[in-house]
Amino acid sequence: MKTDVITISNDGYGMEEAFSQAEKVAEYKKLAPKAALHLRLLTEEMLGMMRSITGERTGRFWIEDRTGTYELHLQVETPMDYDKREKLLAASKSGKNEAAKGIMGKIRTFFDPMDWVNAPVPVNVDGTNPVATWSINSYRNMVKHNLDENMAGAAEAWDELEKSVVSNLADDVKVSINGRNVEMVILKQF
């Protein structure tokens with residue numbers, strides 16, 4: 001099942017409709033009250049992230065149910081240049097980006113708009129745009145490893161993960177870029 005795609009913006013347009021959509025999904029799927037609350041909270045957190053991360057942007061929000069795993073999707077088109085793409089690819093492969101501290105910083109790197117440059121967006125040999133991805137579970141594992149190794153900043157990053165609503169409620173959060181399209185997907189199984 002896939003819900004309607006709702007256009008949302010940082011000025012609040014479509015936000016209430018998105019919250020309502022989460023409540024309707026919970027009701028239609030007969031989720032327990034606690035699960036319905038978690039779906040609503042994850043929707044609120046995702047849209048709150050959009051407000052704090054993307055600047056003056058609009059996006060598309062929808063929910064999909066794949067046999068008990070609920071996927072909350074947020075898709076935003078953002079200006080992309082070669083330098084920005086390289087930074088994103090480096091961040092997604094190594095989990096390190098000096099400008100991106102903590103979970104919000106990591107996600108922000110995917111959505112942060114650029115004023116822009118003349119460098120082309122890179123393409124694969126087949127003409128498609130390369131896709132870069134980031135996962136909260138991979139990030140959590142990296143932070144845990146760094147904490148075990150007593151690396152600088154690891155305790156602060158772990159503390160932020162522990163306080164994050166999304167980190168504690170979601171089974172995973174994936175962020176991907178494909179050309180100028182950035183998509184965040186929060187996964188939760190009920």
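Results, tabulated for the structure shown:
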item: All positions within segment 10-43 that are touching a residue at least 24 places away in the same chain (Cβ under 8 Å) and either in contact with a Lys or Arg (Cβ under 8 Å, 6 or more places away or on another chain) or under 11 Å from residue 190 (Cβ atoms) (or both); result: 10, 19, 22, 25, 29, 31, 32, 35, 38, 39, 42
item: Pick from segment 148-157, criterion surrounded by fewer than 16 Cβ atoms within 10 Å (Cβ to Cβ) and not polar (S, T, N, Q), ranking: farthest from residue 45 (Cα to Cα); result: 149
item: From 65, 115, residue being farther than 28 Å from residue 157 by Cα, at pLDDT below 85 and either touching a strand residue (DSSP E or B) at 6+ places or on another chain (Cβ under 6 Å) or of a type outside the set (Val, Ile, Thr) (or both); result: 115
item: Candidates 157, 170, 152 - the one that is under 22 Å from residue 48 (Cβ atoms), of a type outside the set (Lys, Arg) and more than 16 Å from the chain's Cα centre (by Cα); result: 157
item: Checklist (1) in a helix (DSSP H, G or I); (2) under 26 Å from residue 5 (Cα atoms) applied to residue 140, failing item; result: (2)
item: Matching residues in segment 24-40 - criterion: being part of a helix (DSSP H, G or I) and surrounded by fewer than 16 Cβ atoms within 10 Å (Cβ to Cβ); result: 24, 27, 28, 33, 34, 37
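The values are calculated or read from the model by the stated rules, or taken from the named source; none is laboratory data. Predicted model, so just to flag it, every value in this text is computed and none were measured. So basically every Cβ, Gly included, is an ideal-geometry build from the backbone, and we count neighbours across all protein chains shown.
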